[in-house]
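Working notes, structure below.
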Amino acid sequence: MKGPSCSGAWTGVVRYSRTQSQSDNKTVERVSGRGQDTRTWEMKYDYKANIAVREAPEKDGSSLGTASISHSFSSIEEVLGVERNSCDNGKTWREMSCRTNSKTAASASATVDANVGIGVNDDGTYTVSVGIPPIKGTLSGSQSGSCSGQCSPRESKNMTMSPVETSIDGNSMVSELQRMDPGDPTKLAGSSTLSNFGVTETLSWNLTKCGGELQLTDLRFEHPKFPDFGNWQEISENSSTIDGNMIKITATVLNASGDNRTAEVKLVETYKGDKWNGATPDKQMLSEPISVSLDPGEQQEIEFIWDSSGYAWFDDGRPRLVQRIRAELLENGKKVDEKTKNIRVAPKPVVLVHGLWSNWKAWESWQNILTTSHSYDWKAFPVGEKPEKGKMNTGTEFLSSGPTNSIFENSQELGKYIRYAQQDRNAWHVVIVAHSMGGLISRHYIHSFMPADSPDGRPQVSRLVMLGTPNEGSPCADVMDIAFGLTGRSVEAIRQLRPSVVAEFNRVHTNRKGVKFSVLAGNPLPVMCKTLVWNDGVVPVRSAIWQIKDSALSPRLHTELTGTHDFSGFVKPRLAIGPGGDHNPAAPEIAASNGYAPFRISNAAVSSFGITRGPSASEWNDGSAPFAKALKIPANGTVEIDVPVSSGPNLGLTFVADRAVGAVLLNASGASVGKNDPDTPESGGIFRSIFYDKPVAEGVWKLRLKNTSGVEREIVLATWKVE
């Protein structure tokens, strides 16, 4: 048996909105010349109508509309009069003022029949029009006033108008001329906007010719607009949301028949049509379908909050560039309509925090790294790139001894930049990748300033990835802080990296607030200031690992940990976590030590770096630096300086210089006892050491310095010994 023939009627949904806002702020001088009147006024008008379009009972090809209307209006006025006056015939003067506040408001909601017209022309163009009748609403108002400074006190006047019935004007609009899709002439979808004199009218539609009696007329996605979690805004096809944002999925169901109907709505993740993953089976997003009952001509919106955590990636770490979501409408267990829509989920923005003697340019290549690892939607935010949004000062140039911020001050600047990244990307969560001292700054921010009450229960910073962070300080900071002091210079950022200072920092800053911590420690070098221990030239392995469960080792120097090798091997696997990964806050506990205590290093390992070693090596302990010096080495030049030494069990020397500078330590007899060559892996470290682990007699040794570059270079050095 044939089904009923199509009358040619259009069914679906049309939306109409009219908004208007005006304001005025005017100050007028009084005739007396002793005062002024200031009037501030603001008006807001908001009218919305969702119109369900169904076939007329006559089955003659015409359509009927049922409009669900919401309306609000407010007018707020404040008048402030101020005048200098006298209460004693001009002997003394004082300021007298009166303030009046007035408010008028109207609101309405109703469901009424509305006229809908769809005019299709022979050339494939068409217009959509609506006519919505007046409805009843309520009007209320209030007025209050107060005065001060008058000769005789005036009593405040407050009045409230009880709500009364009022009429809300109807609205109508005709769209601009539209063109049908020649590939699918049975569907009309589009929008039209008119703006005049502060009034904006918008008409949008999604219509089907000869559609089913039960239809899915719309499927849309919204996310909360940062920082207002309750302000949901639509995500267009051309934009994206951010991994970890909550998404409101709304499916609109229309009963285009003349009978009461009951149906169910299902939501499905689908890969159908995907070039690479089309064979992946669909996944149900709802544990149970949502039931809906509709009166004749009624439309209802079904809402579901979806957690987008992980949907920027597949579980195997591949980038996921688009997600397809399908809504299915079922009646009596049979699918009667469906609608599929794509949503793009971009990875969380990466806030990049530089370390000592550095600035945002240390991360200059990272936007390209992120783009090639996912897409241009993965954004890098190096702190200080836009200084008006936040700028740290850890000593902007190598060997700088100018004033620097404290960790506290840099932490506040980091907080500003995180908020900027969130606003720019509409991201409710970010990740931090921090190098060196930047990790301490980030830990301080998380403990002291990061909000603890995120609206979705997850921390603002979902993960902190630290690269070579001195979480127990750096013994070289002890040596070089003294060295800078003996040469008449002070670097606050160096002082803050001393182990004793960081120990106090660790005692106070313990709250991780659910942020996952990860750390990468470099271990290419076997010796550094006052100790023989694997390190990256600045930070011992033990100091970096500290009390962090998720840790790994890298064969690269401190300044090389921000390169592509360690991004691919360590950073990306901790950020590219798919939907099946753990996106919950970290447990509120501090891990036990990983056992990376200082350990003895073999003679073979030490000697391979040009270090002379005696029968034993001692653990580092605090001691003074008996000699320190700062000097400049001319371009392509060699300088030899005297190094006074006192008797002792050993001698160590640490210096800070460009990698083009090399050093050879000569004993009192002129024999070489240690060296640190230029342009070698070891020369890339910020702090460079030579250690002679044999008894030393009092005398004068020599340090031969060579500059292999074509520009003048500076060096700051200090000697030390281990008792």
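The values are calculated or read from the model by the stated rules, or taken from the named source; none is laboratory data. Note that the structure is a prediction, hence the values are computed from the model and not measured. Ideal geometry is used to build each Cβ from the backbone, glycine not excepted, and the neighbour counts take in all protein chains shown.
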Handout entry: Meets criteria (among the hydrophobic types (A, V, I, L, M, F, W, C), modelled with pLDDT of 95 or more and not in a loop (DSSP other than H, G, I, E, B)) for A630
Key = no
Completion exercise
By residue number, the members of the stretch 637-658 that are more than 23 Å from D478 (Cβ to Cβ) and either charged (D, E, K, R) or not assigned by TED's automatic domain parsing to the domain that holds E712 (or both) are E640, D642
Practice task
Taking the options D315, D274, name whichever one is of a type outside the set (A, V, I, L, M, F, W, C), out of contact with any Pro (no Cβ under 9 Å at 6 or more places or on another chain) and on the phi < 0 side of the Ramachandran plot.
Solution key: D274
Completion exercise
Wholly inside the stretch 188-241, strands (runs of 3 or more DSSP E) that include 1 or more residues that are under 26 Å from D60 (Cβ atoms) are 199-209, 214-224
Handout entry: Subset of the stretch 509-528 (residues that are buried (at least 24 other Cβ atoms within 10 Å of the Cβ), farther than 30 Å from H583 by Cα and in contact with a Phe, Trp or Tyr (Cβ under 6 Å, 6 or more places away or on another chain))
Key = V527
Practice task
Any residue in the stretch 352-366 that's in contact (Cβ under 8 Å) with a residue 40 or more places away in the chain and more than 18 Å from G415 (Cα to Cα): show its pairings with residues that are of a type outside the set (V, I, T) and assigned to a helix (DSSP H, G or I) at Cβ separation under 6 Å, as long as the two are six or more apart or on different chains.
Solution key: L356/M437; L356/A493
Practice task
Return yes or no: is D453 surrounded by 19 or more Cβ atoms within 10 Å (Cβ to Cβ), over 21 Å from N393 (Cβ atoms) and out of contact with any helix residue (DSSP H, G or I) (no Cβ under 6 Å at 6 or more places or on another chain)?
Solution key: no
Exercise for the section: State yes or no: is G131 in the same structural domain as T40 (by TED's automatic domain parsing), modelled with pLDDT under 95 and surrounded by 13 or more Cβ atoms within 10 Å (Cβ to Cβ)? Expected result: no
Exercise for the section: Within the stretch 72-87, identify whether any single residue is touching an Asp or Glu at 6+ places or on another chain (Cβ under 6 Å) and closer than 28 Å to S204 by Cα, and answer yes or no. Expected result: yes
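Every residue, every condition in (1) surrounded by 18 or more Cβ atoms within 10 Å (Cβ to Cβ); (2) in the same structural domain as T127 (by TED's automatic domain parsing), yes or no:
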site	(1), (2)
T186	no, yes
G190	no, yes
T193	no, yes
N196	no, yes
L203	yes, yes
L219	yes, no
G230	no, no
Exercise for the section: Looking only at the stretch 449-465, decide whether some residue is among the β-branched types (V, I, T), over 13 Å from the mean Cα position of the chain (by Cα) and modelled with pLDDT of 95 or more. Expected result: yes
Practice task
Evaluate the stretch 194-204: report whether one residue or more is at positive phi, without any contact (Cβ under 8 Å) to a residue 40 or more places away in the chain and not basic (K, R).
Solution key: yes
Exercise for the section: Looking only at the stretch 690-706, count how many residues are touching a Pro at 6+ places or on another chain (Cβ under 7 Å) and surrounded by 13 or more Cβ atoms within 10 Å (Cβ to Cβ). Expected result: 1
Fill in the blank from the handout: Exception for R154 within (1) basic (K, R); (2) within 27 Å of E298 (Cα to Cα); (3) more than 42 Å from the chain's Cα centre (by Cα) falls at (2)
Practice task
Kindly provide the set of residues from the stretch 196-241 that are out of contact with any Asp or Glu (no Cβ under 9 Å at 6 or more places or on another chain), hydrophobic (A, V, I, L, M, F, W, C) and more than 28 Å from M173 (Cβ to Cβ), ordered by number.
Solution key: F226
